[in-house]
1. Give the Cα extents of region 7-69 along the principal axes, in whole Å, largest first.
2. For LYS74 and SER9 in the same chain, what is the full-extension length gain: residue separation times 0.36 nm, less their Cα-Cα distance, in nm?
3. What dipole magnitude, in Debye to the nearest 20, does the chain give about its Cα centre under +1 on Lys/Arg Cβ and -1 on Asp/Glu Cβ?
4. With unit charges on the beta carbon (Lys/Arg positive, Asp/Glu negative), name the residue among TYR5, THR18, THR78 whose Cα is farthest towards the positive pole of the charge dipole of the chain.
5. Could you check the spin-label model distance between ALA63 and ARG34? Points 7 Å from the Cα along Cα→Cβ, value in nm.
6. Run lengths n ≥ 4 of DSSP H only: what is the helix-derived mean residue ellipticity at 222 nm for the chain, with -39500 (n - 2.57) per run over all residues, to the nearest 500?
7. What distance in nm lies between label points placed 7 Å from Cα along the C-beta direction at GLN90 and ALA49?
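Only the coordinates and a few stated rules stand behind these numbers; no lab work does. Model, not experiment: these values are computed from the prediction. Here the Cβ positions follow ideal geometry from the backbone for every residue, glycine too, while neighbour counts run over all protein chains shown.
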Amino acid sequence: MNKTYKLLSPEGDIYVSTTPGELGGNTKAKIYGRLTCTAANRALKKGYAQHRVFFENESKAIAAGYRPCGRCMKEQYTIWSKGGSAGSDQYPWNILPKNKTKL
């Protein structure tokens, strides 16, 4: 019997996959990051598990409206935090940093 995993789709639905997710996310903060992230793993002890979801890959996390973690996804976070042109190849995130406004 194959092991199954529950992942979050871009539409916000949970689906079952035989492939584990590459990334974890926090539904409350709308942040995604690596499963080895020290910040996320420390937060698990503080009740973060109830808000944790998993994504098949980065593009699905972005499509679900999540932003990169500043601790474990530093390169992506730097690009995101500068608030490039939303939806472009260099800036694929659907949300902008708090200090930016949508055009």
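1. Principal-axis extents of region 7-69 (Cα, largest first): 27, 23, 18 Å.
2. Result for the pair: 21.0 nm of gain on full extension.
3. About 620 debye.
4. Checking the options against the dipole of the chain, the answer is THR78.
5. Roughly 2.5 nm, to one decimal.
6. So the helix-based figure for the chain works out to -4500 deg cm²/dmol.
7. For the pair GLN90/ALA49, the computed spacing is 4.3 nm.
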